[in-house]
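Let me begin by presenting the structure, written as structure tokens, before commenting on it.
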Amino acid sequence: MAEQSLRSNYACVVGGAGPAGMGFLFNAYKTGALASLARDGLLVVDAALAVGRGRLGDYHITANSVGDVFLDCLRDPALLPIFAPLAHSSAFRALQNDPHGAPMLTQVGELLAHASTLFMRYVTEHLGVEVALGTRIEKITAQDDGSFQLALRSGSHGVQVDAGTLVMNLGGRQNREYLNWSLAEQDLHLSHDGPTVYSSDALLSLNPAELVELFGDRVTPGSRFTVVGGSHSAFSILDNLACALDCLGLEQITLLHRAPIRLFFESAEEARAAGYVVDEGMDVCPVSGRVNRSGGLRYRAHQVGTDVLSNGVVSGTRVKVELLCLEDRSPAVRERLEQCCSEDGVFVQAIGYQPCLPALRHANGEPLQVRESKGGLDSDAAGCLRDSTGQPIPGLYSFGLGSGLAANPMLGSERSFDSRIYGVWQFHHDASGRVIEAIQEHLASRTPQAAQAMDTGIDEAPFALSALG
């Protein structure tokens, strides 16, 4: 792609071209909305130098969906001509040959990266979509006319552009503050001279050899390894640590969890046949009939969870798992919980992704606070973020890691699930679909004066658009 200058105004800026951002773009293309947005100015910004993968391909774990779910994101007839070269992709062939098996996320990341690169090459050449890679959004200012001014930076060069709407999926992070807050809710506190804290995000990016190198000298008789969490990532961490460190003599991992450990099943009958106790009113999705559709462990994590609940060991290893419920107030459990938080050892945070956000400001310079919910940023059913008072911020949308969407009764979920919904398929379908509709309605409702202000100006300072590799 030849170097060119950015416009000064865009109808829509997509901040983040990972699995969520690309899901929005794929879906917008399938529905015909992308061509319209591109005509009025569409800019895609990402701090990385590649698109589609995000951090997903870094994780050495099994996906919690089968291969066909990811292929379904690519098989729309409108996309087939663009994705014809995927037939030569080893990742594509691997998922196609085992569509009902759960693939490794490294394979999924490779596939999404390849597909996204093909897609972006096409829409930049044929639709005029603009792409600025290696570029960060440093600050967002909500203007009085309902648009947004974005301060962008690539290396030492900065520029400002205006956007009528902003789709912001810049990734998520696990921070120590959230961990401390979650433990404090249970009257627990990590000692300063206690365990060494690691994020599951970081550890899931290590292969077995790297885990052995990192923790080899920490595995001793009676060594303490603790994981806090009860989701797919928590059980994936149990699995990875146990499989890597079993040969070194790791004896036990302690899992601290708040909610009951929930397993996914296709139906209540299947769950009962497996000996799982089902609460029809709380665990069963009324739309699909699936048990723990949103919050249950699936595939490899399901197997690990089943063995932990029934046998107290990680599948295929000799490593035992001690389960401690954070809300258990019995003296014996409280003593063990306090030991985990105070004694030397390894402590892994497998809860809570907070969004990666740039500075947000009102036009008068005051901070613009976005409200958080359990599991991510708070938003309405269309992914429109809310401010600290609970009011929607028109034109500002997010649904990726650190944001998610609340369970929608129309789409289905179990009543016991009270967190946010994430997933590549959701990014490419339901979640992004609602955002696309909201953006179209929002842009259509803008006054003629505001729409005219979004016309095709060219920024005076040149700002190179990064070429797609």
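Before moving on, here are some points about what is shown:
- Inspection of region 49-66 identifies no residue that is part of a helix (DSSP H, G or I) and under 15 Å from residue 128 (Cα atoms).
- Contacts under 8 angstrom Cβ, first residue in region 398-416 being part of a strand (DSSP E or B), partner aliphatic (A, V, I, L, M), 6 or more apart: 405/381; 405/421; 405/431; 406/381; 406/421
- Every residue from region 284-307 that is touching a helix residue (DSSP H, G or I) at 6+ places or on another chain (Cβ under 8 Å), outside any strand (DSSP E or B) and not basic (Lys, Arg): 289, 292, 296, 301, 304, 305
- Scanning region 168-194 for residues that are open to solvent by less than 50 Å² (accessible area, probe 1.4 Å) and in a helix (DSSP H, G or I) yields a total of 4.
- Matching residues in region 391-403 - criterion: being more than 15 Å from residue 428 (Cβ to Cβ) and not polar (S, T, N, Q): 392, 393, 394, 395, 396, 397, 402
- Total residues in region 271-311 satisfying the condition of being more than 21 Å from residue 66 (Cβ to Cβ), open to solvent by less than 20 Å² (accessible area, probe 1.4 Å) and touching an Asp or Glu at 6+ places or on another chain (Cβ under 8 Å): the figure is 1.
- Any chance residue 85 is touching a residue at least 24 places away in the same chain (Cβ under 8 Å), in contact with a helix residue (DSSP H, G or I) (Cβ under 9 Å, 6 or more places away or on another chain) and surrounded by fewer than 16 Cβ atoms within 10 Å (Cβ to Cβ): yes
- Lone unmet requirement of (1) modelled with pLDDT under 95; (2) assigned to a helix (DSSP H, G or I) for residue 237: (1)
- Test: residue in region 195-202 that is in contact with a Phe, Trp or Tyr (Cβ under 6 Å, 6 or more places away or on another chain), surrounded by fewer than 22 Cβ atoms within 10 Å (Cβ to Cβ), closer than 30 Å to residue 239 by Cα and modelled with pLDDT of 95 or more: yes
- Filter result for residue 36 (in contact with a helix residue (DSSP H, G or I) (Cβ under 6 Å, 6 or more places away or on another chain) and assigned to a helix (DSSP H, G or I)): no
The values are calculated or read from the model by the stated rules, or taken from the named source; none is laboratory data. Please read these numbers as outputs of a predicted model, since none were measured by experiment. As a convention, Cβ positions derive from the backbone with ideal geometry for all residues, glycine included, and neighbour counts pool all protein chains shown. These area figures cover heavy atoms from the full protein model, side chains too; ligands, DNA and RNA do not enter into them. Shrake-Rupley method; radii C 1.70, N 1.55, O 1.52, S 1.80 Å.
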